[in-house]
Amino acid sequence: MIQYYRHNEPFELELGGTLPELVIAYHTYGTLNAARDNAVWVCHALTANSDVADWWPHTVEADAFLDPDRYFTVCANILGSHYGTTGPLSTNPASGEPYYGDFPAITIRDMARAHALLADHLGLDRIKVLVGSSVGGFQAVEWAVEQPERFEKLILIATDAKASPWSIAVDETQRMAIRADATFGQRRPDAGMAGMAAARAIGLLTYRGPLGYNSTQQDPDGLPADALRRPVTYQRHQGDKLCKRYNAYSYVTILDAFDTHDAGRGRGGLDAALARLAMPALVIAITTDIIFTPAEMRALAARLPRAHYEEIASDLGHDGFLTEHRRLNQLLIPFIQQ
């Protein structure tokens with residue numbers, strides 16, 4: 001069940017803005033034990049929510065790596081998102097209306113600082129494992145660098161310590177699609193929906209990649225020339241699906257935050273920042289991921305003092321971190337338990 005933490009003090013943002021108050025939506029699973037040493041924190045990706053059991057199948061269940069009989073798992077909805085944490089559709093206390101485009105610019109570092117506030121509220125001075133995939137991995141790296149003493153172990157899946165030019169270019173292409181929608185900027189929750197549908201379709205190309213599409217979206221032989229192709233209907237469906245559950249202002253806000261990710265900013269560079277992460281770390285790449293390639297993931301692991309590197313073979317590209325739960329459990333369970 002979703003829960004809310006209200007931080008009734010101003011929340012200063014890295015880029016100079018201020019939120020007069022902060023609400024953080026979160027889910028927990030399992031029970032914190034008497035020793036308070038069984039907490040696992042999961043940082044979610046771009047448009048996911050705090051309900052890990054909803055978006056990460058077969059992970060929050062018996063004998064999985066987030067087994068609720070063994071661990072107390074926490075996931076907080078990220079700052080700027082659509083699912084309960086303060087974001088563009090939240091009410092601005094100064095105006096009594098939603099922020100919409102007036103929502104201040106945020107960074108991954110701000111998201112991590114919000115997580116730390118919630119962890120303080122929950123009394124989690126020490127967290128057994130911090131897990132992050134994709135943009136969730138951005139948050140995990142940032143938080144672990146800022147508070148390395150808080151975490152016993154670190155798991156990073158399909159992510160990096162800094163946004164790459166390629167990933168930033170993909171983000172900007174999606175923002176261009178949203179801004180091309182003439183309704184984006186209007187002060188209403190459904191502004192920019194056609195643009196966001198197009199942006200989602202662009203993003204999916206990078207999430208799945210050519211092998212993913214060619215293995216799942218083939219049309220049958222002999223399809224009439226005037227028939228609608230399966231990849232066409234798939235792209236349209238995925239765009240419409242996101243529009244039913246998200247908003248364009250949050251989408252742009254989080255894409256903008258994605259681009260700010262650099263764990264070495266203000267810390268003497270990436271090597272100096274990552275040297276702080278002396279805890280055991282497991283770094284996992286997806287073999288066909290074209291957003292965070294295996295080569296980039298190996299380089300990340302090499303920069304961490306105590307990292308072990310693994311790859312998961314999958315045809316589904318970056319989205320393999322969501323679908324390859326059997327292999328994830330095989331890798332994560334012994335790492336967490338050792």
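Ordered from largest to smallest accessible area (heavy atoms of protein chains, 1.4 Å probe), the residues 202, 286 come out as 202, 286. Within the same chain, aspartates and glutamates fewer than 8 places from residue 244 are excluded, and of the rest, those with a Cα less than 19 Å from its Cα are 51, 54, 181, 190. Each part gets one Cα centre, and for the stretch 34-56 versus the stretch 222-247 those centres are 31 Å apart. Take the Cβ atoms of residue 337 and residue 226, set R0 to 51 Å, and the FRET efficiency comes out at 0.35.
Here the label points at residue 259 and residue 9, each 7 Å from Cα along the C-beta direction, are separated by 3.3 nm in the simple model.
Think of it as helices only: each DSSP H run of n ≥ 4 in the chain is worth -39500 (n - 2.57), and spread over all residues that comes to -11500 deg cm²/dmol at 222 nm. Take 189-195, 223-229, 142-148 and order them by the average number of nearby Cβ atoms within 10 Å per residue, most first; the result is 142-148, 189-195, 223-229. Cα to Cα, under 29 Å, and not fewer than 8 places away if on the same chain: which lysines meet these conditions relative to residue 128? Correct list for residue 128: 153, 162.
The values are calculated or read from the model by the stated rules, or taken from the named source; none is laboratory data. Predicted model only: the values in this text are computed from it and were never measured. Positions of Cβ are backbone-derived with ideal geometry, glycine not excepted, and every protein chain shown enters the neighbour counts. Only protein heavy atoms, including side chains, enter the accessible area calculation; ligands, DNA and RNA are left aside. Shrake-Rupley method; radii C 1.70, N 1.55, O 1.52, S 1.80 Å.
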